[in-house]
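Reviewing the structure listed below.
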Amino acid sequence: KSPNQSLSPSMDDSPTPIRASVHKARHDDQGAPSAAFVNETMNTRQRLAAMMSHVDQAGLDEMLDRATKMGGAPRFIARYRPQPHWLWQQWHGTVLQQTWKPAGVSIGVSLALTFLMEAARMSGDHRWTFFEVPDPNDRLVARMRGFTTMWGYLLTMATFVNSFFLSQAYGFWLATKGNVRKVQGRLNDLGLLVATHAQRDGTTGTFTNSSKELLEDIARWSRLFHLLFWSCQVRPARNDEGVSFSVLRTELGLKGLLSRNAITEDEYRLLVDNARLTETQRHAAVLEWIIVRFADARKSGVLEGTFGLESRFLEEACKLRAVCASIADDAAGRMPLSYVHLVQLLVDTLVVLAPFALYPKLGVLTALLSGVLVIFYRGFLQLSKSFLDPFGNEDSLSENFSIGCLLCETNAGSVRWFNAIEELPFKPTCYPKATSPSLSAADSE
């Protein structure tokens, strides 16, 4: 991992002169606008431009509702039940949904081969019944036995390579899930440190007005940082359930946040008018706002704490920057192209040769087994690719993390800590900012 690299190396980092022509969006039967115009050949910039040209105000408002809400978070990943009868009933997001077409093709090829071999089965010196294993002495069957031998070697290799590839992909998925949660953890740590050290009124024990202003700024900027960061890590995809959160990184998205009071006019201007700040790096500026605001509050006495507080706060802020960089860096180098290409060739060769290799041993039953092999071997490969695409940027249909869940949880967490201790069960001691020598001498007497 290289935390010092750009936070979004996999995205086009050039400035975006995109202006949305707002008109009625095209929706598919699942209500996902991205699916109507996104195709797998488009890069991130093309997908975003296509979506921006089709988004309407209603779709934008719905996305802003999902991005700024404080409660009712969707599930982070799809829920499952361990009961076998429930699992057998599932379709959406499973390997069956993603492999039934190639399995059907393999079954069709097997049936066509069986039909062509009918003449050999019913004529000549070597005959066999419809459900029997073909006679190995038949001339055509004997010629196909070479496929059977070669296919056996491929089967062993494909089983090992495909299984190992799945384990590596699942390891990447787990590591990404851990980093995603660490982003939330670091933001919660910053909120906890500020809330527990904010200045309080000596009479009532509640936060002073300056402290409330500080806590509200830190909470709002934490939410803004989180929104802008994830808007740079996702892109429009066919599995989106609405307008993509990637719109938030654009000027149109920032205007929407401004209309929701998620940012102020001055903040909007600083993010948009700074030509040296690209749209994929705007969250970095917000993180610096948080750090500078903290330092200023310490200097003015709004935060009561020693250098230990400052050291810990800066440490958590640097950890936040590093884990955000790790998410983007890991996504950019998730798996070498040559490795994925090799596994794809190996699995496809195995399933293509399966009907010809299995017929000498199974006869008409080849149609059944060839379809099963496609479901499992191609299913293993599709599942691995889904694990390598945890945010659905490559249009994977399963194992995707819900960015809406992350945003909602972080929005709620941004105000959790200072709301929890706005009042205390005891009267806090208000320490003086500085103690004069004469006062210390009097106290000692």
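The values are calculated or read from the model by the stated rules, or taken from the named source; none is laboratory data. On a predicted model such as this, the values are computed, not experimentally measured, just so you know. Because the Cβ atoms are built from the backbone with ideal geometry, glycine has one as well, and the counts that use them run over all protein chains shown. Side chains are part of the model used for accessible areas, which takes the heavy atoms of the whole protein and leaves out ligands, DNA and RNA. Shrake-Rupley method; radii C 1.70, N 1.55, O 1.52, S 1.80 Å.
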### Message
Quick check on region 280-288. Is at least one of its residues at pLDDT below 95 and acidic (Asp, Glu)?
### Response
no
## Note on the structure
Residue hits (region 34-70; at pLDDT 80 or above, assigned to a helix (DSSP H, G or I), under 24 Å from LEU406 (Cβ atoms) and open to solvent by less than 30 Å² (accessible area, probe 1.4 Å)) are THR44, ARG47, LEU48, MET51, MET52, GLY59, LEU60, MET63, LEU64, ALA67
### Message
With the structure loaded, tell me whether LEU248 is open to solvent by less than 40 Å² (accessible area, probe 1.4 Å), modelled with pLDDT of 95 or more and not small (Gly, Ala, Ser) or whether it fails that test.
### Response
no
### Query
Across region 113-143, which residue is modelled with the lowest pLDDT among those that are in a loop (DSSP other than H, G, I, E, B) and loosely packed, with under 11 Cβ neighbours inside 10 Å?
ASP125
### Task
Find the residue count for region 333-368, including only residues that are open to solvent by 60 Å² or more (accessible area, probe 1.4 Å), in a helix (DSSP H, G or I), in contact (Cβ under 8 Å) with a residue 40 or more places away in the chain and more than 27 Å from THR114 (Cα to Cα).
1
### Task
State yes or no: is GLY379 open to solvent by less than 20 Å² (accessible area, probe 1.4 Å), at positive phi and part of a helix (DSSP H, G or I)?
no
### Query
In this structure, is ILE291 part of a helix (DSSP H, G or I), buried (at least 22 other Cβ atoms within 10 Å of the Cβ) and touching a residue at least 12 places away in the same chain (Cβ under 8 Å)?
no
### Query
When you go through VAL286, VAL272 one by one, which is the residue that is among the hydrophobic types (A, V, I, L, M, F, W, C), without any contact (Cβ under 8 Å) to a residue 24 or more places away in the chain and part of a helix (DSSP H, G or I)?
VAL272
### Query
Given the structure, is THR264 free of Cβ contacts under 8 Å to residues at least 24 places away in the same chain, open to solvent by 10 Å² or more (accessible area, probe 1.4 Å) and among the β-branched types (Val, Ile, Thr)?
yes
## Note on the structure
Restricting attention to region 81-100, the residues that are open to solvent by 100 Å² or more (accessible area, probe 1.4 Å) and either over 16 Å from LEU383 (Cα atoms) or of a type in the set (D, E, K, R) (or both) number exactly 4
### Task
Within region 247-289, track down each residue that is touching a Gly at 6+ places or on another chain (Cβ under 8 Å) and farther than 14 Å from LEU224 by Cβ.
VAL247
### Task
Please tell me if PHE401 is at pLDDT 85 or above, within 30 Å of GLN97 (Cα to Cα) and surrounded by 11 or more Cβ atoms within 10 Å (Cβ to Cβ).
yes
### Summary
Quick count over region 404-445, residues being at pLDDT 85 or above, part of a loop (DSSP other than H, G, I, E, B) and of a type in the set (A, V, I, L, M), is 2
### Task
Those residues that are more than 17 Å from ILE290 (Cα to Cα) and either assigned to a loop (DSSP other than H, G, I, E, B) or in contact with a Lys or Arg (Cβ under 8 Å, 6 or more places away or on another chain) (or both), I need them from region 257-269; list them, please.
ARG260, ASN261
#### Entry: Enumeration of residues in region 185-223 that are open to solvent by 20 Å² or more (accessible area, probe 1.4 Å), among the polar types (S, T, N, Q) and in contact (Cβ under 8 Å) with a residue 40 or more places away in the chain
ASN188, THR196, GLN199, THR206, THR208, SER210
### Query
Looking only at region 294-309, which residues are surrounded by fewer than 17 Cβ atoms within 10 Å (Cβ to Cβ) and either of a type in the set (Asp, Glu) or assigned to a helix (DSSP H, G or I) (or both)?
ALA295, ASP296, LYS299, SER300, PHE307, GLY308
